[in-house]
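Data first, discussion second: the structure below is written as structure tokens.
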2 protein chains.
Amino acid sequence: MACGKIAIVGSGAVGLYYGGMLAASGCDVHFLLRSDYEWVKRRGVCLLLPGRELTVHPVPAHRTPESIGPVDLVIVALKTTANDALPDLLGPLLQEGTAVLTLQNGLGNEAFLARHVGAGRVMGGLCFICLNRVGPGTVRNYFPGNLTLGEYRGGPGERIAALVAAFREAGIDCRVAADLNETRWRKLVWNVPFNGLTIAAGGIDTERLLASPGMTGEIAALMHEVRAIAGAAGVVIEEEFLRRQIEITRPMGPYRPSSLIDFMDKRPVEIESIWEAPLREAERLGVSAPRLRLLHAVLRALC
Amino acid sequence: MACGKIAIVGSGAVGLYYGGMLAASGCDVHFLLRSDYEWVKRRGVCLLLPGRELTVHPVPAHRTPESIGPVDLVIVALKTTANDALPDLLGPLLQEGTAVLTLQNGLGNEAFLARHVGAGRVMGGLCFICLNRVGPGTVRNYFPGNLTLGEYRGGPGERIAALVAAFREAGIDCRVAADLNETRWRKLVWNVPFNGLTIAAGGIDTERLLASPGMTGEIAALMHEVRAIAGAAGVVIEEEFLRRQIEITRPMGPYRPSSLIDFMDKRPVEIESIWEAPLREAERLGVSAPRLRLLHAVLRALC
């Protein structure tokens, strides 16, 4: 297999899903686990896909990165709220040529990794997908969506091509990002309003949020603020894209974004990477973002 | 007594407090009560003032406006969410010359009353005060503040002067508003951010709200939006007034505004008069109010 030995760091919904899909297609995937260790060791990874169940068992389950040892690819799917722990977790996994792919939410994740492992190793991926961890080692996928990968520095090359091929072989709609930064901003267009307002509106799902025309107007207005900040940062997002984000969310039904689930389960919410990083960009670039600012203050108080 | 026979319609914190103070000073005050009827009948009205307790007993307690009959002055302290019931409650209280004073929150209350009882009867009052109903017939006053009264139509005359004198005799710092509309907008400068954000931030008091510099910035920004709408409506509010609103709130300590208490007790919140009416003014006048708009949508979802 083109990807060699793979470590999944952060085995929540995203890590279990992508790691599980790759493992099911024959990749050598090692999961770094905490609370789910015993379950995954005994029963494997269980993916509830639209229309079918996929159980991958046995899979190599580990409690420490030392137990995994050096790998060819690390897939980082840790919550950004746990980034402080990341450098220590990565150390034992690195060897010459180890690539590190972050699938984390928000802005600033590649730069953070680059500071700790060197920019040359770093790739980023954006998951446009609806996943919820529904039990130990078990993830439900509501909406397959797609995965878009890119290099942190420079354009896509052979390394990205091989990775995209591996994900596609695993049945994932995987694409190459011409510009990873642009892709991140496009994902923020969705995450900023939906992850934020489902929390601020009292823990309601996207369907209930969109049931109110007033709230839908505010979602669109927040998207426009994100678009304006992206624009000032040199990333052009067409108006049509914003409208489509609301359209694709309606058929998702009563979906609860990851931040809402973290909030309801009393886990830390990724405020820094999803709302604060874009807000800092707005300040740096002199862009007005009143709604983002108010939403951020409310989330800070709530979470 | 200059005020003659007085009826209190809406015997919550505001109605019990002002009615109780007037009754204690010898005015003929009749309370229209629902849930507190038995308690007030048996034990009177209990006011927990800063440093002293004041119990007014016996006081005329009534279950219906018919039982009160025609009066010289009606003081309306009903929640604006119950305004639909108001015309029927007022009917039996009116005779020639009956004045109607609304102490309700937000915009539009005088106009509403004017449509039902005729503009000539209507006066308005703004209570800058911290009151919480802490039990049946019992109100705690945290911050005495002041009461500002004005005519709905025309400038202050003899009727207002007599009323101000009665309130002052009752120990209330009562003032005459040169322009009632201006006074209403000044009160909204406080109510819009504090009543709204204490709810949106998860049910926290004003002290916890002001503990965050980011949140304090958003409070100030919301105040500026209200000021801009007022300005477009011809009401000039000086910048200094906004800063002072935050300053006077700090010593109030862990205060819970009335809307927060309504929200936490699962009662209707006065969204229409506090947030929606100013928002409609913003739309009518073409003033941008992005934070007010977002806050309103969140409150609509929460309440």
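The values are calculated or read from the model by the stated rules, or taken from the named source; none is laboratory data. Here the structure is a predicted model, which means the values were calculated and not measured. For neighbour counting, all protein chains shown are included, and Cβ atoms are generated from backbone atoms with ideal geometry for every residue, glycine included. These area figures cover heavy atoms from the full protein model, side chains too; ligands, DNA and RNA do not enter into them. Shrake-Rupley method; radii C 1.70, N 1.55, O 1.52, S 1.80 Å.
A compact table of results
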quantity	calculated
For the A-to-B rotation axis, chain A residue with nearest beta carbon and its distance in angstrom	A:P290, 2
Contour minus Cα-Cα distance for B:S67 and B:A165 (0.36 nm per residue)	32.5 nm
Loop-located trypsin sites (Lys or Arg not before Pro) in the stretch A:215-303, at most 13 other Cβ atoms within 10 Å (DSSP)	A:K266
Signed unit charges on C-beta, dipole axis of the stretch B:182-302, positive-most listed residue B:F263, B:A211, B:I246	B:F263
4 °C / 1.567 mPa s Stokes-Einstein diffusion coefficient of the stretch B:5-178, Kirkwood radius on C-alpha pairs, µm²/s	82
Label spacing, shortest first and in nm, from B:A85 to its equivalents in the remaining copies (7 angstrom along Cα→Cβ)	5.3
Shortest-first distances to equivalent copies, position B:E239, nm, label 7 Å out along Cβ	3.5
Total formal charge among the other residues, if their Cβ is under 12 angstrom from that of B:E218, Lys/Arg +1 and Asp/Glu -1	+3
When each of A:K5/A:K187; B:K41/B:K79; A:K187/A:K266; A:K266/B:K266; B:K79/B:K266 is checked by Cα-Cα distance, pairs over 20 Å	A:K5/A:K187; B:K41/B:K79; A:K187/A:K266; A:K266/B:K266
Gaussian network model of chain B, Cα within-10 Å springs - most flexible of B:A77, B:A170, B:A201	B:A201
0 to 90° range, to nearest 10: angle between helix A:158-169 axis and chain A longest Cα axis	90
Segment A:D173-A:F241, extension gain: residue separation times 0.36 nm, minus the distance between their alpha carbons	22.5 nm
Shielding by other protein chains, B:285-298, mean Cβ within 10 Å	6
Per-pair calculated FRET efficiency, R0 = 25 Å: B:A111 and B:T55 via Cβ, rounded to 0.05	0.10
Charge context of A:P268, other residues only, Cβ under 14 angstrom, K/R +1, D/E -1	-2
Gap separating the Cα centres of the stretch B:179-194 and the stretch A:58-88, nearest whole Å	55
Value at 222 nm in deg cm²/dmol, rounded to 500, when DSSP H runs of n ≥ 4 in chain B each add -39,500 (n - 2.57)	-13000 deg cm²/dmol
Sparse-neighbourhood loop sites, GluC sites (Glu not before Pro) in the stretch A:190-294 - DSSP loop, at most 12 other Cβ within 10 angstrom	A:E238
Solvent-accessible area, 1.4 Å probe, carbon plus sulfur percent, for the stretch A:237-290	54
Max mean-square fluctuation residue, GNM over chain B, Cα-Cα springs under 10 Å, options B:L222, B:L49, B:L260	B:L49
For B:G217, label point 7 Å along C-beta direction: distances to other copies, nm	2.7
Cα centroid separation, the stretch B:7-54 to the stretch A:225-263 (Å)	52
Furthest towards positive pole of dipole, A:G155, A:A23, A:I229, structure part chain A, Cβ charges	A:A23
Candidates A:L78, A:L54, A:L126: whichever shows maximal mean-square fluctuation once chain A is modelled as a Gaussian network with Cα springs under 10 Å	A:L54
FRET efficiency for A:A82 and A:M264, using Cβ-Cβ distance with R0 set to 22 Å, rounded to 0.05	0.75
Distance-filtered residues of the stretch B:148-187 - backbone nitrogen under 18 Å, label point 7 angstrom along B:R280 Cα→Cβ	B:181-182, B:184-185
Kirkwood estimate for the protein assembly as shown, i.e. one over the average of 1/r between Cα atoms, Å	27.3
Buried area at the A-B interface (accessible, heavy atoms, 1.4 Å probe, summed, Å²)	1400
With all protein chains modelled, accessible area of B:M264 [1.4 Å, Å²]	90
